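Shown next, in structure tokens, is the structure this report addresses.
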Amino acid sequence: MDAIDLSPAMIELAMRRVPGNVTCILGDVLEYPLPETGYDGIVSNTALHHVSLEAVLPVLAGALRPGGVLAVVALPRIGRGDWLVEPLALLGQWVFGVVFYLLRVLTRRPWYAFNASHAAMPVVVDPPLTTRDVRRIGTDLLPGVRVRRLVFWRYLLVWHKP
Ligand SMILES: C[S@@+](CC[C@H](N)C(=O)[O-])C[C@H]1O[C@@H](n2cnc3c(N)ncnc32)[C@H](O)[C@@H]1O
């Protein structure tokens, strides 16, 4: 299993936490020589809004074996289609924030508190693409892709390589 990130700080933190069968790679996913059709599955967690989707989807698709699965969670720009989910997300974030704060105080356990990577993590807070944009680009590049907005400021893209 390989894990790739462009940030030395994130790779260093990951190396302290991952099990022995994970190789941490410091590199740019757009340039690193990923093995052609080498992976059964590729998971991207909150990173693809940092790069051009048009550039990265063919790279990841090429690295998947036929029958493999690509699963991406990333941050969408808020679009017109999000008018219902946005108030729900704001309300939910407030409720969960209060509940987890109380649980942290009462149980002295972490309960979704920020972890060590938070301060070092490179973030993009102004993503370029709405979920609708991602669906359009994804459908052009990965026929059969499924893209949907999740409640808490993320979209989910899932593609099964034929
Ligand atoms: C919001 S952080 C998420 C980090 C990690 N995936 C997680 O969930 O904790 C986004 C990460 O994408 C990485 N990143 C951005 N562009 C990249 C690229 N071209 N190749 C590899 N990693 C990249 C950044 O270095 C950053 O660590």
| request: Would you work out the relative contact order for the chain, in percent, from Cα pairs under 8 angstrom that are 6 or more residues apart? | output: 27
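With the cut-off at 1.5 for a/c, could you classify region 18-77 from its C-alpha gyration tensor as rounded, prolate or oblate?
Numbers: a/c = 1.44, a/b = 1.21, b/c = 1.19.
Rounded, because the longest to shortest axis ratio a/c is under 1.5.
Rank by packing, highest mean first: peptides 43-51, 78-86, 90-98, with packing defined as the count of other Cβ atoms within 10 Å averaged across residues. Before the final figure, lay out the partial values.
On the way: 43-51: 16.8, 78-86: 13.0, 90-98: 11.3.
Those peptides, ordered most packed to least, come out 43-51, 78-86, 90-98.
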| said: Can you give me the C-alpha center-to-center distance between region 107-162 and region 62-80, rounded to a whole angstrom? | reply: 8
| note | Residues whose built amide H sits under 5 Å from the amide H of residue 2, excluding neighbours closer than 5 in sequence, are 23
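Which of rounded, prolate, oblate describes region 83-162, given a ≥ b ≥ c as roots of the alpha-carbon gyration tensor eigenvalues and a/c under 1.5 marking rounded, otherwise prolate only if a/b is larger than b/c? Numbers along the way, then the final one.
Working: a/c = 2.48, a/b = 2.01, b/c = 1.23.
It comes out prolate by the Cα gyration axes.
To the nearest 0.05, how large is the calculated FRET efficiency for residue 32 and residue 106 if R₀ is 41 Å and r is the Cβ-Cβ distance?
That pair, residue 32 with residue 106, gives E of 0.35.
Read-outs: derived from the displayed coordinates by stated rules, not from any lab. Treat the numbers as computed from the prediction; the structure is a model and nothing was measured. Here Cβ is always computed from backbone atoms with ideal geometry, including for glycine, and neighbour counts include all displayed protein chains.
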